[in-house]
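Reading through the structure tokens given below for one structure.
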Amino acid sequence: MEELNKYFLNNNRRHFLKNLGFGIGGLALGSLIDPLSLSSMGEEGVAPQLQSGPLPLPHFAPKAKRVIYLFQSGGPSQLDLFDYKPYLNKYRGMDLPDSIRKGQRLTGMTSGQDKFPVTGSLFNFKQYGESRAWVSDLMPNVSKVVDELCFVKSMHTEAINHDPAITFFQTGSQLPGRPSIGSWMSYGLGSLNDNLPSFIVLLSTGNGKPQPQPLYSRLWGNGFLSSLHQGVQFRSGKDPVLYLQNPDGVSRAERREMLNHLASLNEAQEKTFGDPEINSRISNYEMAYRMQTSVPEVMDISEEPDHILRMYGKNSYRPGTYAANCLLARRLIEKDVRFVQLYHTGWDQHDNLPAQIKRQSEDVDQGTAALIMDLKQRGLLEDTLVIWGGEFGRTNYCQGKLTDIDYGRDHHPRSFTIFMAGGGIKPGFTYGETDDFGYNIVKDPMHVHDLQATLLHQFGVDHEKMIYKTQGRRFRLTDVSGEVKTDILSS
């Protein structure tokens with residue numbers, strides 16, 4: 001009776017007219033226009049919006065096939081890692097001039113301070129490689145691969161608090177509910193591997209802050225796109241994907257038979273109600289069945305050579321650590337997973353920064369450098385885009401009390417540093433510049449939407465044309481802005 005009630009509830013006047021229109025109207029329309037043109041173009045030349053599979057992309061020849069996004073949650077201090085500003089040490093303790101701050105919005109954590117004493121870094125900086133890139137002694141391993149990296153020192157965002165700032169980077173909007181960047185990639189370009197999800201998420205917790213900012217699953221959610229495109233979190237431990245394995249007493253053959261019956265029921269429901277999410281449900285069940293074999297295989301590092309494990313560091317043997325996740329990310333993209341997102345928490349150093357950032361950097365330095373080198377030696381870096389960075393930077397002034405050996409830094413969205421490698425990005429290059437105070441951008445700014453537009457461009461996607469229409473509006477990852485920064489692209 002419950003299914004019967006659902007049928008009558010859904011079979012209302014609107015439902016009836018829609019089905020009638022699709023039937024008679026569709027036949028009439030099909031006799032007048034070329035059906036092949038409908039399969040490739042939609043309204044106003046835009047790719048069709050309401051399909052669950054990949055769009056007819058790319059728009060032009062891509063330079064990249066896969067992404068590994070090493071997201072450093074909490075906001076790494078660019079002034080202690082990559083943006084060398086000796087002027088701050090020269091005038092250490094000086095109150096930040098109003099002419100520099102220019103009335104910038106402050107967080108509630110420093111808005112009550114009477115003074116904003118500038119402070120440089122307690123860590124030493126040197127130039128490395130042929131590119132002569134500045135790196136602090138917090139990142140000795142990254143310093144060895146600078147000629148593979150493109151540093152962007154002019155990132156900026158409007159968001160000043162963690163949740164909206166991370167959401168902005170991941171979805172193109174500060175408000176939750178939009179599809180994540182990995183979901184957009186899956187929607188637009190589809191999967192390269194039928195046995196693994198096109199979008200996989202890995203989490204690790206850093207040692208830089210005892211209680212780091214939390215992460216939410218909506219950051220890798222599919223939003224208004226089909227659930228086929230949501231990120232799938234791989235966990236450390238016995239069951240990387242929950243509820244994937246068969247229950248005790250259920251064989252693989254029995255699971256196959258059960259899925260066949262379930263698929264027939266779902267297909268019948270889809271024919272009755274026309275809900276495209278039912279087909280997504282069928283596809284997700286089938287993917288889970290195939291993953292029963294593919295996931296254990298990709299998670300098993302027993303055949304990795306000892307020299308590779310040593311290259312990633314001692315933590316590469318410990319599932320769930322940053323180093324182990326970097327190694328796993330390489331294994332996943334070897335299997336042609338389209339988008340691997342690695343979140344590493346603990347970069348929120350409001351106080352006790354020198355001690356905390358040292359531990360945090362030790363978490364990521366060796367694994368990051370090893371990933372870059374490993375991809376290159378396997379010929380994968382050329383078409384794999386690696387991105388390293390957080391949701392904003394840190395202030396050039398001290399939060400709280402400044403001493404000779406200690407300081408903290410608040411959130412700073414106006415200018416911060418990320419770096420990229422591979423995927424057609426110019427290696428050994430630094431883009432953008434900040435002022436002597438490391439506070440304002442003075443050359444080549446790059447907004448969050450510019451980064452997203454440039455990323456899509458490397459995959460052959462025009463960010464202004466990858467659109468999904470829902471709720472009476474056309475949405476895209478870059479919203480209504482975004483510029484491809486061609487200066488950072490290799491020829």
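Structure notes:
- Qualifying residue in segment 235-245 (condition: basic (Lys, Arg) and modelled with pLDDT of 80 or more): yes
- The residue that is nearest to PRO214 (Cα to Cα), among those in segment 163-181 that are among the polar types (S, T, N, Q) and part of a helix (DSSP H, G or I), is THR167.
- Residue within segment 434-447 that is modelled with pLDDT of 95 or more, at positive phi and surrounded by fewer than 24 Cβ atoms within 10 Å (Cβ to Cβ) present: yes
- Lone qualifier among LEU32, LEU55, LEU4 - being in contact with a Gly (Cβ under 6 Å, 6 or more places away or on another chain) and modelled with pLDDT under 85: LEU55
- Restricting VAL118, VAL152 to residues that are under 19 Å from ILE441 (Cα atoms) and within 18 Å of the chain's Cα centre (by Cα) narrows the list to VAL152.
- Here the strands (runs of 3 or more DSSP E) wholly within segment 378-491 that include at least 1 residues being closer than 28 Å to GLY108 by Cβ and of a type in the set (Phe, Trp, Tyr) are 416-421.
- Looking at GLY112, GLY74, just one residue is buried (at least 23 other Cβ atoms within 10 Å of the Cβ), among the small types (Gly, Ala, Ser) and farther than 26 Å from LYS443 by Cβ, and that residue is GLY74.
- Applying a threshold of 6 Å to beta carbon distances and a minimum spacing of six or more residues, or different chains, the list of pairs starting in segment 332-343 at a residue that is under 14 Å from TRP220 (Cβ atoms) and ending at one that is in a loop (DSSP other than H, G, I, E, B) reads VAL337/LEU196; ARG338/LEU192; ARG338/SER198; TYR343/SER73; TYR343/LEU215.
- Hits in segment 455-491 - residues which are over 20 Å from the mean Cα position of the chain (by Cα) and charged (D, E, K, R): LYS465, LYS469, ARG473, ARG474, ASP487
- Across segment 353-374, the number of residues qualifying as surrounded by fewer than 21 Cβ atoms within 10 Å (Cβ to Cβ), aliphatic (A, V, I, L, M) and in contact with a Gly (Cβ under 8 Å, 6 or more places away or on another chain) comes to 0.
- Extreme residue, farthest from LEU244 (Cα to Cα), among residues of segment 257-290 that are among the small types (Gly, Ala, Ser) and over 34 Å from the mean Cα position of the chain (by Cα): ALA268
- GLY103, sole failed condition from (1) touching a residue at least 12 places away in the same chain (Cβ under 8 Å); (2) on the phi > 0 side of the Ramachandran plot: (1)
- Leading residue by the ranking (nearest to the chain's Cα centre (by Cα)) among those in segment 125-139 that are more than 15 Å from SER77 (Cβ to Cβ) and either surrounded by 15 or more Cβ atoms within 10 Å (Cβ to Cβ) or free of Cβ contacts under 8 Å to residues at least 24 places away in the same chain (or both): ALA133
- Qualifying residues in segment 254-282 (those that are polar (S, T, N, Q), surrounded by 14 or more Cβ atoms within 10 Å (Cβ to Cβ) and free of Cβ contacts under 8 Å to residues at least 60 places away in the same chain) - the one nearest to ASN193 (Cα to Cα): ASN266
- Cβ-Cβ distances below 9 Å connect the following pairs, each with a first residue in segment 204-228 that is in contact (Cβ under 8 Å) with a residue 40 or more places away in the chain and closer than 30 Å to ILE357 by Cβ, a second residue that is of a type in the set (A, V, I, L, M, F, W, C) and in a loop (DSSP other than H, G, I, E, B), and a separation of six or more residues or different chains: GLY206/TRP347; GLY208/TRP347; LYS209/TRP347; PRO212/TRP347; GLN213/TRP347.
Residue by residue, here is whether (1) free of Cβ contacts under 8 Å to residues at least 40 places away in the same chain; (2) within 22 Å of ASN89 (Cβ to Cβ); (3) in contact with a Gly (Cβ under 6 Å, 6 or more places away or on another chain) holds:
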{"site": "PRO413", "(1), (2), (3)": "no, no, no"}
{"site": "PHE416", "(1), (2), (3)": "no, yes, yes"}
{"site": "GLY423", "(1), (2), (3)": "no, no, no"}
{"site": "ASP435", "(1), (2), (3)": "no, yes, no"}
{"site": "TYR439", "(1), (2), (3)": "no, yes, no"}
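Table: residues versus (1) modelled with pLDDT of 95 or more; (2) under 30 Å from ILE333 (Cβ atoms); (3) not small (Gly, Ala, Ser).
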| position | (1), (2), (3) |
| --- | --- |
| LYS85 | yes, no, yes |
| PRO97 | no, no, yes |
| GLY120 | yes, no, no |
| GLU130 | yes, yes, yes |
| TRP134 | yes, yes, yes |
| ASP147 | yes, yes, yes |
| ARG178 | yes, yes, yes |
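- One residue alone among GLY190, GLY108, GLY112, GLY182 is in contact with a Gly (Cβ under 7 Å, 6 or more places away or on another chain) and modelled with pLDDT under 95, and that residue is GLY190.
- Scanning segment 348-383 for residues being under 21 Å from the mean Cα position of the chain (by Cα), among the polar types (S, T, N, Q) and over 13 Å from LEU149 (Cα atoms) gives a total of 3.
- Odd one out for SER154, checked against (1) closer than 30 Å to THR486 by Cβ; (2) surrounded by fewer than 18 Cβ atoms within 10 Å (Cβ to Cβ); (3) touching a Gly at 6+ places or on another chain (Cβ under 9 Å): (2)
- Annotation: of all residues in segment 129-160 being among the hydrophobic types (A, V, I, L, M, F, W, C) and assigned to a helix (DSSP H, G or I), the one that is nearest to GLY389 (Cα to Cα) is VAL142.
- Residue in segment 193-212 that is part of a helix (DSSP H, G or I) and surrounded by 23 or more Cβ atoms within 10 Å (Cβ to Cβ) present: no
- Residue list for segment 244-253, restricted to those being of a type outside the set (A, V, I, L, M) and free of Cβ contacts under 8 Å to residues at least 12 places away in the same chain: PRO247, ASP248, GLY249, SER251
The values are calculated or read from the model by the stated rules, or taken from the named source; none is laboratory data. Given the structure is predicted, the values throughout are model-derived calculations rather than measurements. So basically every Cβ, Gly included, is an ideal-geometry build from the backbone, and we count neighbours across all protein chains shown.
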